Amino acid sequence: MPATVTATLKVVLRDVPEAQEQGDMISMTLHNEPRGLPKNVTLDASPLHLRCAVKQWRTACTKAEQIRASGLPALLIVEAHIAAQGGALAGVVKGIQVVEGKAPVPAAPAP
């Protein structure tokens, strides 16, 4: 039975997660520990299983590598259609935007 799209979610990835290639799709599982929630609000940690077209993922990873080669961190902004499936979230990537992160702050010299 196909999953019903229940939401569109944007996720910012600071690191490229481990991914497995399966035919013309990439599969990866992201793990989230909810933080920054309002007082007295809790959310259980749950995995997010994402699938993405191989070409789309490779293009994003190549752009991220180019940014990192310049000495800046790369951020992958992933937009995905998400649905609940079997106690977890499952999604299909709609788009990936790769942007430069802020340059690391240089460490202060020791006194």
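Of all residues in the range 51-80, exactly one satisfies the criterion of being within 13 Å of the chain's Cα centre (by Cα) and farther than 15 Å from Pro17 by Cβ, namely Glu79.
Specify the residue that is nearest to Pro73 (Cα to Cα); the eligible residues are those in the range 1-34 that are among the hydrophobic types (A, V, I, L, M, F, W, C) and at pLDDT below 80. Among them, the one singled out is Val5. Can you name the condition, by its number, that Gly91 falls short on among (1) at pLDDT 90 or above; (2) touching a Pro at 6+ places or on another chain (Cβ under 9 Å)? The one condition Gly91 does not meet is (2).
So which of Leu72, Leu37, Leu43, Leu48 is under 20 Å from Leu9 (Cβ atoms), modelled with pLDDT of 85 or more and among the hydrophobic types (A, V, I, L, M, F, W, C)? Step through it out loud before you land on a result.
Numbers: Leu72 fails: under 20 Å from Leu9 (Cβ atoms); Leu37 fails: modelled with pLDDT of 85 or more; Leu43 fails: modelled with pLDDT of 85 or more.
None of the others qualify; the one that does is Leu48.
Yes/no per residue for (1) in a loop (DSSP other than H, G, I, E, B); (2) crowded, with 18+ Cβ neighbours inside 10 Å; (3) in contact with a strand residue (DSSP E or B) (Cβ under 9 Å, 6 or more places away or on another chain); (4) modelled with pLDDT of 85 or more:
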position: Leu76; (1), (2), (3), (4): no, yes, yes, yes
position: Ala84; (1), (2), (3), (4): no, no, yes, no
position: Ile96; (1), (2), (3), (4): no, yes, yes, yes
position: Val99; (1), (2), (3), (4): no, no, yes, yes
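Considering every residue within the range 53-69, establish whether at least one is at pLDDT below 95, surrounded by fewer than 16 Cβ atoms within 10 Å (Cβ to Cβ) and among the small types (Gly, Ala, Ser). Among the residues of the range 53-69, at least one is at pLDDT below 95, surrounded by fewer than 16 Cβ atoms within 10 Å (Cβ to Cβ) and among the small types (Gly, Ala, Ser), which makes the answer yes.
Table: residues versus (1) touching a residue at least 60 places away in the same chain (Cβ under 8 Å); (2) not in a strand (DSSP E or B).
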position	(1), (2)
Val12	yes, no
Pro17	no, yes
Ser27	no, no
Gly36	no, yes
Pro47	no, no
Leu50	no, no
Ala64	no, yes
Gly91	yes, no
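Which count do you get for residues in the range 24-38 that are surrounded by fewer than 10 Cβ atoms within 10 Å (Cβ to Cβ) and closer than 19 Å to Lys94 by Cβ? Walk me through it before giving the result.
So the first thing to find is which residues in the range 24-38 are surrounded by fewer than 10 Cβ atoms within 10 Å (Cβ to Cβ), and the list is 24, 31, 33, 35-38.
Imposing the further condition that a residue be closer than 19 Å to Lys94 by Cβ reduces the set to 24.
The qualifying residues number 1.
The values are calculated or read from the model by the stated rules, or taken from the named source; none is laboratory data. Here the structure is a predicted model, which is why all the values come from computation and not from measurement. Every residue, glycine as well, gets a Cβ built from its backbone with ideal geometry; the counts of neighbours run over all protein chains shown.
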